[in-house]
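Working notes, structure below.
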Amino acid sequence: MKIVLDKQRIRTIAQNIALLSGSLLFCFLAIEIGYRIIDPFPFFSDDETNLTQHGNLSQYDELLGWKGVPNGETEFTTVNNSIWLTHNSDGFRDIEHENSGNKPAIVFLGDSFTWGYEVEFDEMFVNLVRNKLPNYEIFNLAHRGYGTDQQLLTFTQWYEDQPLEVVILMFSENDVEEIMTDISYDKPKPQYQIIDDNLVLTGVPVPKIEEWESSSSAEKEMNSQNTSLKSFFLKSHFIHDISFRLDLLQSASNSKNVQRKYKKKELILTSHILEELKQEVESSGARLVVFFIPSKREVEQLGDSQTYQTEIITLCQELGIEYYDLAPEFQTTWPRAYYRYGIHWNVRGNQIAADAIDRYLTQNVLP
């Protein structure tokens, strides 16, 4: 009799454990599905990423330092996302502009945000704006790592035999620092200097370093076979989020807020470059509009530092340049607009930017 009771007790305990395990598994799956729908957080380990500094569909250019590989295509995997990259015949992450007719043109200048870092082609905010403005021929002349100086040079090289309506400069927080050096992202680049109060281009032709000779124009191969146990568990969006937040708390406790304050010479050079761009745009019969890309730190309130836009907006006002700060658009939206790692917009962020840019252009700029 005792043996029968013991077996029943064991069976009951086993059933309770199985029920508890099933309930926990169900809750975990429900949370995991919720994350993947509402706030997806894919994870790619270091072995799966294939970023390269001198490859990534870039090639040496004696004027710009580097530019996109014409007709290049490759898979591009970062810690946040895996996408497919394609360039048009001019080396831009853009459509082919054959037989564009007499549609008035809108030109976008920018860096990795405008180039569409970590989002698919159809998810890029420039292409979303293109869909909203079918009566305009929209050109995306952005490339990864470009500062305002390289964006100015890109525009002066660009020519299309059609009316130009608007040139949009997407201004990022790191643009000011990047124009102050002839080396950016470990690659030589041109540099403007102020000589006798004139803007003078120096460092061209840009030196061609050895890495350009030895590196491929495509991304490095992934080594996804070496997947650690930690990486396996971090494939779960829920577990990855917990891990990320713990790391964020630890880093926040060890970091100090730094006030954003540009040096006078940085602002002087930025002012001259913006003025030169304005003159080039207006000589083409178009309007220049500067859109400010808010920093992730500002939008997600990761510190109390001053926003970088304040001083650059003052420059725009002094130069009579039209501008619009996207920060309020991002601060009043939900859910997350930036990837957790790095500084770039996710799909949601690109959608917010596209809606805001289209609304501003339609209401204030375009006929």
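Structural remarks
- Residue satisfying all of: in segment 350-367; assigned to a helix (DSSP H, G or I) and over 17 Å from the mean Cα position of the chain (by Cα); surrounded by the most Cβ atoms within 10 Å (Cβ to Cβ) among these: L361
- Restricting attention to segment 19-76, the residues being hydroxyl-bearing (S, T, Y) and assigned to a loop (DSSP other than H, G, I, E, B) number 3.
- Residues of segment 311-349 satisfying the condition of being assigned to a strand (DSSP E or B) and within 30 Å of R36 (Cα to Cα): Y338, W345
- So T314, is it assigned by TED's automatic domain parsing to the domain that holds M170 and within 30 Å of F44 (Cα to Cα): no
- Positions within segment 129-162 being closer than 16 Å to L366 by Cβ and not hydroxyl-bearing (S, T, Y), in sequence order: V129, R130, N131, K132, L133, P134, N135, E137, I138, F139, Q162
- Residue within segment 197-209 that is modelled with pLDDT under 95, over 22 Å from F291 (Cβ atoms) and surrounded by 13 or more Cβ atoms within 10 Å (Cβ to Cβ) present: yes
- Of the candidates I268, I273, I321, I352, the single residue that is modelled with pLDDT of 95 or more, among the β-branched types (V, I, T) and over 21 Å from I168 (Cβ atoms) is I268.
- Any hit, segment 168-182, residues being within 15 Å of K67 (Cα to Cα) and not hydroxyl-bearing (S, T, Y): no
- Take the conditions (1) surrounded by 10 or more Cβ atoms within 10 Å (Cβ to Cβ); (2) free of Cβ contacts under 8 Å to residues at least 12 places away in the same chain; F43 misses just one of them, which is (2).
- Check on P294, touching a residue at least 24 places away in the same chain (Cβ under 8 Å), assigned to a loop (DSSP other than H, G, I, E, B), closer than 22 Å to I179 by Cβ and not acidic (D, E): yes
- Scope segment 116-126; condition in contact (Cβ under 8 Å) with a residue 12 or more places away in the chain and either in a helix (DSSP H, G or I) or among the aliphatic types (A, V, I, L, M) (or both); matching residues: V119, F121, E123, M124, F125, V126
- So I168, is it buried (at least 21 other Cβ atoms within 10 Å of the Cβ), farther than 30 Å from D39 by Cα and of a type outside the set (G, A, S): yes
The values are calculated or read from the model by the stated rules, or taken from the named source; none is laboratory data. Here the structure is a predicted model, which means the values were calculated and not measured. In this analysis, Cβ positions are derived from the backbone assuming ideal geometry, glycine residues included, and neighbour counts consider all displayed protein chains.
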